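Worksheet: the structure to be examined is printed underneath.
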Amino acid sequence: MPPQELPCFSDITAARPDGGLFPQDNYLKSILETIADGVVVTDAHGLIRMVNPAVEKILGYAEEEIAGRSVGMLLPEHILSGREKDAGKLRETQARHKSGRTVPVEISVTEMRNGDIHAHIGIIRDITARKKAEEERQRHLKELEASNRELDDFAHIVSHDLRDPLRGLQSFARLLMDDPEHPLSAEQREKVETIFHTAQRMEGLLDALLYYSRLGKTALCVGETDLNIIVRNVIDMHAIRIKETGAVIEVPQHLPAIVCDQVRMTEVFHNLICNALRYSDAKGNRIEIGVAAGHPRAAGEPAFYVRDHGIG
């Protein structure tokens, strides 16, 4: 069966934007020339009958170079040969550029029948930029996964390899302080207590590191929390530093219970008190912890504060 010529409907006219009429062929040609996607028309034998200018931009071939040749030189033949079962659906494939390289494209194929005329129209879109963006995204995801694995390894070291020696140090210090058969002198007890509290403080820092390593991985554990207990625990954690700086921490009024995540709220007060101690500009810095009602940014809820007179 010889190749069919696609019909030319030169007797049909279409409306111009100004209300006039011009031949349908010219109208369709103008549309095809302005479409950014490539258009390939093949006959029943899979031979290329027509392409629009966008095909040259995407694949490097001008229409006169490929007209009458097999579509297999551009695309996998089954796509525009009529053997594709899911014609009309959008799919991705690799097209062949004139230079020999492959071009990732997205293509949709429509079958056209008009009496004895049987053809396929393929709409081709270059997705090179999108593929590169996807590859870049995958690369970043792999880097993020690697970083997360390293962070998990770090959390394991913090949880076990570093924490266990500190607990051992605290246990031995406690044994020395509580040994009734070998009581310590006042000076010895003070030094052993310093060892104990320093190890305790170090464990608190490790807890903070572990908290940051798990940030976003653990769900909030929200419940009613007594802030007075949290503040006392944080102050005890900083006992050595408070003694060194001569700071005076005051809680002038009872703090109300609130609904929050206890671990994260502990970290908030830990950071605020730690900063107040770190940037104290003189011995005896006064640090006040309290609650203020009616703060404009608190939306009617109580606002808690840690106020100091340091340089920060």
Straight-line reach from LYS89: which aspartates and glutamates fall under 18 Å, measuring Cα to Cα and dropping same-chain residues less than 8 apart? ASP37, GLU77, GLU106, GLU111, ASP126
Distance in nm between pseudo-label sites at ARG91 and LEU184 (7 Å out along the Cβ direction from Cα): 7.8
Low-density loop cleavage sites - GluC sites (Glu not before Pro) in the range 217-257, where at most 16 other Cβ are within 10 Å (DSSP): none
Any idea how far apart LYS142 and ASP236 come out in nm if each label point goes 7 Å out from Cα toward Cβ? 5.0
Run down the aspartates and glutamates and flag those whose C-alpha is under 14 Å from the C-alpha of LYS243, throwing out any fewer than 8 positions away in its chain. GLU190, GLU193
FRET efficiency, LYS132 to ARG264 (Cβ-Cβ, R0 41 Å, nearest 0.05): 0.55
Label-point separation, ARG113 to ARG149 (7 Å along Cα→Cβ), nm: 5.5
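State which entries of LYS98/LYS142; LYS57/LYS132; LYS57/LYS131 exceed 25 angstrom in Cα-Cα distance in the structure shown.
Cα-Cα > 25 Å for LYS98/LYS142; rest within.
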FRET efficiency for ASN228 and ARG167 from the Cβ-Cβ distance with R0 = 30 Å, rounded to 0.05, comes out at 0.65
Histogram of C-alpha separations across the range 132-274, 10 Å bin width, %: 10, 27, 30, 21, 9, 3, 1, 0
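Read-outs throughout are calculated quantities, based only on the coordinates presented, and are distinct from any laboratory measurement. Predicted, not measured: the structure shown is a model, and the values here were computed from it. FYI the Cβ positions are ideal-geometry reconstructions off the backbone, even for glycines, and counts take in every protein chain you see.
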